[in-house]
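Notes follow the structure.
Only the coordinates and a few stated rules stand behind these numbers; no lab work does. Note that this is a predicted model, so its numbers are computed, not measured. Cβ: placed from backbone, ideal geometry, glycine included. Neighbour counts: every protein chain shown.
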Amino acid sequence: MSVEALYKVILYPFINESLASLKAMTNLVGEAGEAFVDNVDEFRFKGYAVCSEVTGGLDGVIMMHHYPETAIAIGNSVCENMFEEKYQFTEINEELSNALAEWGNTIVGRSTDLHGRYSLDYKFSSPYFVHDVNDMDKYLAGVKEVITVPITIEGVGRYYFNLLIRHVEYQSVGIKREASSGIANPHTKQLPVDSKILLVDDSAMIRKALRRYLAQLGYNNVVEADDGSTAVTMVQQEQPDFMIMDVVMGEMNGDQALANIRANGSKVPVVMLSSVTDQALVKSCQSQGISGFIFKPIQADTGAQIVKNYLKIA
């Protein structure tokens, strides 16, 4: 099995999406190098990684792998681009962790969604993060081959994509990257500025950014929930006039929360927010009555205008 084949079928969508998200979310420019076979015995943890388990026709792990200084630079840039403020953290703290998680979730979500549009015998887990060098041994257990692609960020440094392979049954399927766009709110009447808006997202960073964009538009009556089950309760207790809700969350996903909210009789306008662009999911949400679907990322320079375009009720 060739490195080129694995690169094109499995790694290419992740790399392509990471370069696109790097530009969109940080204004940094990256360039992918040539894929090569790494030495399993000499493979070392660099300090910070976003990982997704691969199962099915391939058994292994996809790892977006950074030196700490590169992760810090990316995290600072994600924050700067989202909040239009200068960030100069020198170590990975909670705020940078949230920023890196949002960047990693966006890349993995959009890449695995793209894989899912084709008849490939691979499935990917939700992304998770590795900070401890002592954790690396368990990811290397049973690994027979490592494919590596370096990504050079202009003026910053490098990060790497690694495909750690335990077993694979390769099928030759071509993949092309597809651009995603949001589903517009079809209404025309703008939401009154004194309306109560419920923000639902398990990312504190996204809630902070959305609250800021809303404030720029004059909307300050904002309440928050960090998971779908809390959102279901808050709709009943708070009686919001409008909701913006993420799809993929920990305790209860947004599409499930939406179903419960509708089952409870609420007709509150809901705009969904996600990096996952799966059309079946979008159609499922549309069938339950939503007022649009925003595909991440959204950034400071366009965030307020994007949100404004969705704050319509009739």
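Any chance you could run the full-extension gain for Q239 through D132? It's 0.36 nm times the residue separation minus the Cα-Cα distance, nm to one decimal. Could you put the intermediate results ahead of the total?
Details: separation 107, 0.36 × 107 = 38.52 nm, distance 4.35 nm.
Extra length available between Q239 and D132 comes to 34.2 nm.
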Mind listing the long-range amide H neighbours of D38? Cut-off is under 5 Å, sequence gap 5 or more, other chains count too, H placed in the peptide plane at 1.01 Å from N. V146, I147, T148
Peptide ranges 210-217, 298-305, 76-83 listed from the most packed, as the mean C-beta count within 10 angstrom indicates: 76-83, 210-217, 298-305
Which net charge results for the neighbourhood of V271, defined as the other residues with beta-carbon distances under 11 angstrom from its beta-carbon, given Lys and Arg at +1 and Asp and Glu at -1? 0
If each residue of separation counts as 0.36 nm, what is the full-extension length gain between H167 and E85 once their alpha-carbon separation is subtracted? 25.0 nm
Treating the beta-carbon of each Lys and Arg as +1 and of each Asp and Glu as -1, no other charges, what is the dipole magnitude of segment 197-310 about its Cα centre, to the nearest 20 debye? 360
Once the Cα atoms of helix 300-310 and of the chain are each reduced to a long axis, what angle between those two axes, in degrees from 0 to 90 to the nearest 10, is obtained? 50
Using 0.36 nm per residue, how much length does the chain from A184 to A141 gain when fully extended, once their Cα-Cα distance is taken away? 10.9 nm
Using a 7 Å offset from Cα along Cα-Cβ at I313, what residues in segment 211-232 end up with backbone N under 16 Å from the label point? 218-223
Tell me the net charge near L191. Cut-off is 12 Å between Cβ atoms, L191 excluded, with +1 for each Lys or Arg and -1 for each Asp or Glu. +2
Can you tell me the dipole magnitude for the chain around its Cα centre, using point charges on the Cβ only (Lys, Arg +1; Asp, Glu -1), in Debye to the nearest 20? 1180
Return the long-range amide H neighbours of R166 (sequence gap of 5 or more, or a different chain), with a cut-off of under 5 Å between placed amide H atoms. D59, G60, V61, K144
